[in-house]
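Inspection log for the structure reproduced underneath, given as structure tokens.
The values are calculated or read from the model by the stated rules, or taken from the named source; none is laboratory data. Predicted model only: the values in this text are computed from it and were never measured. Here the Cβ positions follow ideal geometry from the backbone for every residue, glycine too, while neighbour counts run over all protein chains shown. Just so you know, the surface numbers come from the protein's heavy atoms only, side chains and all, with ligands and any DNA or RNA stripped out. Shrake-Rupley method; radii C 1.70, N 1.55, O 1.52, S 1.80 Å.
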Amino acid sequence: MIDARWDYGAAVRVVRNLRNDGTYPGLPTGAPLVRRGSIGYVVDVGTFLQDQVIYSVNFLDAGKIVGCREEELIGADEAWQPSRFESRERVTAQRGLAVDGELLVPAGSGGEVIKVIRDAPGGVAYHVHFDCQPGRLLLLPEMLLAPPAAEAPQCTTPTAD
């Protein structure tokens, strides 16, 4: 028996960009399918490996029926906070980022969004890994990030003289 959150006909919203994992016919693996925030309607409910609920969702605006895992969906009427960036997207620091007066990330340095935090106090925030800070995640508000520049400067850590 399937313990599904949504039933046939339910309106749902996808919370992340969906790409072809190789199961969507006619498009190459990795091709974009549906943009985050899009609303669709459940047309089928099934399972994968007997423990993962998979919803077939008809995204009418995109003209696609896509299989979605439960964690990729919320109810269409649930609160939704759109974000400028998504997991795995490249970003740059709008300004130098420091902790306790120590400059960790110079302005313009490149990094990758690891996680989107939509319910952060003050609005959307991100866990970001910057190239110049291997193994360190920074939690940053959206206003401190920008799309990557065509020629992002090398991330260098200032040296003490």
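Points worth noting:
- Subtracting the Cα-Cα distance of Leu27 and Ser56 from 0.36 nm times their residue separation leaves 8.7 nm of extension gain.
- On the chain, 50 percent of the accessible area sits on carbon and sulfur atoms, based on a 1.4 Å probe.
- GluC sites (Glu not before Pro) within the stretch 1-73, DSSP loop, no more than 13 other Cβ atoms inside 10 Å: none
- Accessible surface, 1.4 Å probe, highest first, among residues Phe48, Phe59: Phe48, Phe59
- Take the chain with all the other protein chains still there, run a 1.4 Å probe, and you get 61 Å² of accessible area per residue.
- For the chain, the ratio of Cα radius of gyration to the globular rule of thumb 2.2 N^0.38 Å stands at 1.26.
- Here the calculated FRET efficiency for Phe48 and Trp80, from their Cβ-Cβ distance with R0 = 35 Å, stands at 0.85, rounded to the nearest 0.05.
- Remark: the stretch 1-94 is approximated by an ellipsoid whose semi-axes, taken from the C-alpha gyration tensor as √(5λ), come to 23, 17, 13 Å, largest first.
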